[in-house]
1. Step by step: first the residues of the range 124-144, then only those that are over 22 Å from Gly154 (Cβ atoms) and open to solvent by less than 60 Å² (accessible area, probe 1.4 Å), then the one that is nearest to the ligand (Cβ to nearest atom). Which residue is that?
2. Might you let me know whether the range 543-554 holds any residue that is in contact (Cβ under 8 Å) with a residue 24 or more places away in the chain and over 30 Å from Asp264 (Cα atoms)?
3. Would a scan of the range 67-80 turn up a residue that is near the ligand (Cβ under 9 Å from one of its atoms), assigned by TED's automatic domain parsing to the domain that holds Ala147 and under 24 Å from the mean Cα position of the chain (by Cα)?
4. If a residue must be over 25 Å from Arg323 (Cα atoms) and either part of a helix (DSSP H, G or I) or of a type outside the set (Gly, Ala, Ser) (or both), how many such residues does the range 451-492 contain?
5. Pull up the range 106-123, narrow it to residues that are near the ligand (Cβ under 8 Å from one of its atoms) and more than 35 Å from the chain's Cα centre (by Cα), then point me to the one that is least open to solvent (accessible area, probe 1.4 Å).
6. If you go through the range 67-98, how many residues are of a type in the set (Lys, Arg) and either closer than 20 Å to Ala143 by Cα or open to solvent by less than 40 Å² (accessible area, probe 1.4 Å) (or both)?
7. Starting from residues that are among the aliphatic types (A, V, I, L, M) and part of a helix (DSSP H, G or I), keep the ones in the range 15-33 and report whichever is nearest to Tyr65 (Cα to Cα).
8. Quick check: anything in the range 229-246 at pLDDT below 90, closer than 30 Å to Asp575 by Cβ and within 16 Å of the ligand (Cβ to nearest atom)?
Amino acid sequence: MTNLPEARELMVERQIAGRSIGDPNVLAAMRRVPREEFVPAHLREFAYDDTPLPIAEQQTISQPYIVARMIEAAQLRPGDRVLEIGTGSGYAAAIAAAIAAHVDTVERHAALAQSARETLARLGIDNVTVHTGDGTHGLPEGAPYDAIFASAGGPHVPRAWREQLALGGRLIMPVGHERYHQRLVKVVRRTEHDYDERTLGAVMFVPLIGDDGWPAEDAMLDPPAVADSPTQHARAPDDLAAAIRAAAEPFTDFESAILEYFTDRFAARRVVLLGEASHGTAEFYRLRAAITRRLIEEHGFSIVALEADWPDAAALDRHVRNRPPASGREAPFRRFPTWMWRNTDVKAFTDWLRGHNATLPQERQARLYGLDIYSLSESIDAVLRYLDSVDPAAARIARERYGCFGPWQKDPAVYGRAALEGGYAQCEQHVVAQLQDLLRNRLDYAEHDGETFFDASQNARLVASAERYYRAMYYGGAHSWNLRDTHMFETLRHTLDARGPHARAVVWAHNSHIGDASATEMGRISREINVGQLCREYFGDEAALIGFGTHAGTVAAASDWDGPMEVKEVRPALDDSYEYWMHRAGQPRFLLDLRPGVHDALRARLSEPLLERFIGVIYRPDTERYSHYAQASLADQFDAYVWVDRTSAVEPLPTPMREGTPDTFPFGV
Ligand code: SAH
């Protein structure tokens, strides 16, 4: 469960202070007011996300940053009397009231006004008066005001508001000729008849509806917009779709020569990273398989690194190299989410790879490796099994050290919590010592068999990374994500090193790991890094980051972690998203080359931040905007983008029972 007070603190630090809001009164107010109390109960976990959220009557609670920005611009001071138009949830009024002496706020929807009153009373905020009515007339009985601000956008500044400003008073409101696009305007009353006016930048608010705002009737025709976010640009005009269409290289099937021609452009790179917009979409697997086959067959790539756990991938690797299964190991990929790797498309690819490798000497065979971090228990077993066979004395010591995880080995997340609460972080020293011992004996051990030594050392590294990862999970924030992606990146480097100076790798992982995080709000706001970014920093132009996207169709996903797989409908892409514009380009499948110098005008357009959809192993269509979309700059994130307008769910393979499975390694079918 999200730790909300901590999330609030991080919100202030990253979204508010991190975007140069410096007014200490505003920062203190944002730290104090619990936003979760102002959002609908089912969205509480998103209360500190960097986004507006829906409230009743098709209205929104503003993005935290925009509230802070307006209130800073209004220069609220203790003692001020303030008027707000557009109470909505009451959140912005509560922030203003945490600074000023008194806030009058006006809301046209009686139901919203009432619920805001109740929220404010529940929180003991007694210096706000909520009024119901058309706020475009201001509130003559309360005037003059030191500050007036509107949380809804109108075509001009209503006259009444200017008149109700005190001398020296500040008025902040969104003004625009379009209902959902405005510029923030600041008006300062210098003298009785003299006003300064300037604009502060583009914003998107819901419309101000009233006698001196927009008329109500046609408002009904408007979409219930994702309003309020401070997009740096107006909604992209329709010619963006035309520009995408012009650059798009359409393809029909996965064997097409166009796909090969496209792949060849990246064939000289050391690492080609292939993303996916969900973990359960068949077309993404098929495309990645087609691209990877080409890179292996024609261009000598010899590493396929998967967003899968090391021991699982190692088992699959034995299969593709026509080796018998390691003794004492269960069939791989039995843990949630099994469909991610146990599906018909992965099987088809690995069957192909097995056939391909059968024709080659060992050193030229392509191998599979797992980059991920979730196999603490299996990796411990693997290290112990290895030491049992090469150095039984060292195995005894390792058993003692790893025994530190004791009861938690099967549920390491609980270890993380215990470590935090009870100082059990002592496992840290043990796992690090174990890894160091193993690496120190590298020469001795590798003499027996370099390959099994490498496997064991990677498992020991994984145990050390996982120990830190599970502790970091309880610190919240970006720390554990960054540990995981750093581990993935370092594992990739180790596999490249192990295969020699000319080795080249393909990576299969989600777009969120592959697309350069510094070009997304993950990186810009949450300070998260990822494999793609680390590859760019380390390999420079030798890394190609390729993203995948879709508009609609079906996807295999669960509703909750550890829940059963379901085939879910993917909702059509939202208006403000890249996916929407790709869809509007009107081509069912296409490739988009985003390398510098190819389509630079389009690249510039696709660098302007828009929403991008991320579906993982969980998909929750009901809260899609808040749980699955984030802002990104697509052309900065990827070197190329692959579009499949309609996609379908992967077909899972049956998962064998744990006991007494016939040995139909590795898939049990
Ligand atoms: N500050 C709010 C944001 C609310 S959205 C918050 O933090 O939650 C804007 C609100 O303005 C909507 O609730 C809408 O109903 C209201 N509104 C629009 N036109 C209005 C008008 N003429 N008078 C009063 N409220 C209005």
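1. Initial filter on the range 124-144 (over 22 Å from Gly154 (Cβ atoms)): 124-129.
Then drop every residue that is not open to solvent by less than 60 Å² (accessible area, probe 1.4 Å), which leaves 124-125, 127-129.
Values: Gly124: 18, Ile125: 13, Asn127: 16, Val128: 12, Thr129: 14 Å.
The extreme case among them is Val128.
2. Initial filter on the range 543-554 (in contact (Cβ under 8 Å) with a residue 24 or more places away in the chain): 543-554.
Pick out the ones that are also over 30 Å from Asp264 (Cα atoms) and you get 554.
Yes, that holds for at least one residue.
3. Within the range 67-80 (the criterion being near the ligand (Cβ under 9 Å from one of its atoms), assigned by TED's automatic domain parsing to the domain that holds Ala147 and under 24 Å from the mean Cα position of the chain (by Cα)), the answer is yes, since at least one residue qualifies.
4. Keep residues of the range 451-492 that are over 25 Å from Arg323 (Cα atoms), which gives 463-490.
Then keep just the ones that are either part of a helix (DSSP H, G or I) or of a type outside the set (Gly, Ala, Ser) (or both); that gives 463-475, 479-490.
The total comes to 25.
5. If we take residues in the range 106-123 being near the ligand (Cβ under 8 Å from one of its atoms) and more than 35 Å from the chain's Cα centre (by Cα), then Val106 is least open to solvent (accessible area, probe 1.4 Å).
6. So in the range 67-98, the residues of a type in the set (Lys, Arg) come out as 69, 77, 81.
Next cut, either closer than 20 Å to Ala143 by Cα or open to solvent by less than 40 Å² (accessible area, probe 1.4 Å) (or both) only: 77, 81.
Summing the residues that are of a type in the set (Lys, Arg) and either closer than 20 Å to Ala143 by Cα or open to solvent by less than 40 Å² (accessible area, probe 1.4 Å) (or both) in the range 67-98 gives 2.
7. First, pick out the residues of the range 15-33 that are among the aliphatic types (A, V, I, L, M): 16-17, 21, 26-30, 33.
Of the ones still in play, those that are also part of a helix (DSSP H, G or I) are 16-17, 26-30.
On the way: Ile16: 6, Ala17: 9, Val26: 11, Leu27: 11, Ala28: 14, Ala29: 12, Met30: 9 Å.
If we take residues in the range 15-33 being among the aliphatic types (A, V, I, L, M) and part of a helix (DSSP H, G or I), then Ile16 is nearest to Tyr65 (Cα to Cα).
8. yes
The values are calculated or read from the model by the stated rules, or taken from the named source; none is laboratory data. Source: prediction; values computed, not measured. Reconstructed Cβ throughout: ideal geometry from the backbone, glycine too, with neighbour counts over all protein chains shown. Each accessible area value is taken on the protein alone, full model and side chains, heavy atoms only, with ligands, DNA and RNA left out. Shrake-Rupley method; radii C 1.70, N 1.55, O 1.52, S 1.80 Å.
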